[in-house]
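Note sheet for the following structure.
No lab work stands behind these numbers, since they all come straight from the coordinates. The model shown is predicted, which means the values in this text are computed figures rather than measured ones. Note that each Cβ is placed from the backbone with ideal geometry, even for glycine, and that neighbours are counted across all protein chains shown.
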Amino acid sequence: MDKFVSRFPLPTPREREILTILIEEAAEIQHRATKALRFGLQEVQPGQNYNNADRLAHEVGDLEEVVKLAEDEGLLQEIAITAGRFSKRKQLEKYMQTARQTGKTTNSQDSAIPETCAETYSRIRMDNQDSERNGK
């Protein structure tokens, strides 16, 4: 049986630390969103000053800051994040079972992202892979 071994290097200690923090922040969002589902967005836990909605928003802000750090350190590319957001928006429009009161399922304020964003990202990835194959 052949064993798969990646030809790419493992993350550096700095990259591992950033990825670990990214995982932790994502888990904190999951935890806070679950509390909001169980007890409501406006509930304030005993001993806390903020309701679940505010605490969830704070956790999202924490994650966004770590994502920015990952971008700054070259772990993530902004165009890939934008392409992911656009792709998710399309998925939400198609698969969400509930509609907003306006009849839409998603917030269209960011609809200025061109439909070609995902295609642009795919092209850049292919160009990068071709460069790697050619030793550039």
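Is the stretch 11-76 best put as rounded, prolate or oblate by its Cα gyration tensor, with a ≥ b ≥ c the root eigenvalues, rounded for a/c under 1.5, and otherwise prolate when a/b is larger than b/c, oblate when not? Prolate, since a/c reaches 1.5 and a/b exceeds b/c. Applying 0.36 nm per residue to the separation of HIS31 and VAL60 and subtracting their alpha-carbon distance, the gain on full extension is 9.3 nm. Among the trypsin sites (Lys or Arg not before Pro) in the stretch 1-40, those placed in a DSSP loop whose Cβ has at most 15 other Cβ atoms within 10 Å are LYS3, ARG7.
Centre-to-centre, using Cα atoms only, the stretch 78-102 and the stretch 14-74 are separated by 20 Å.
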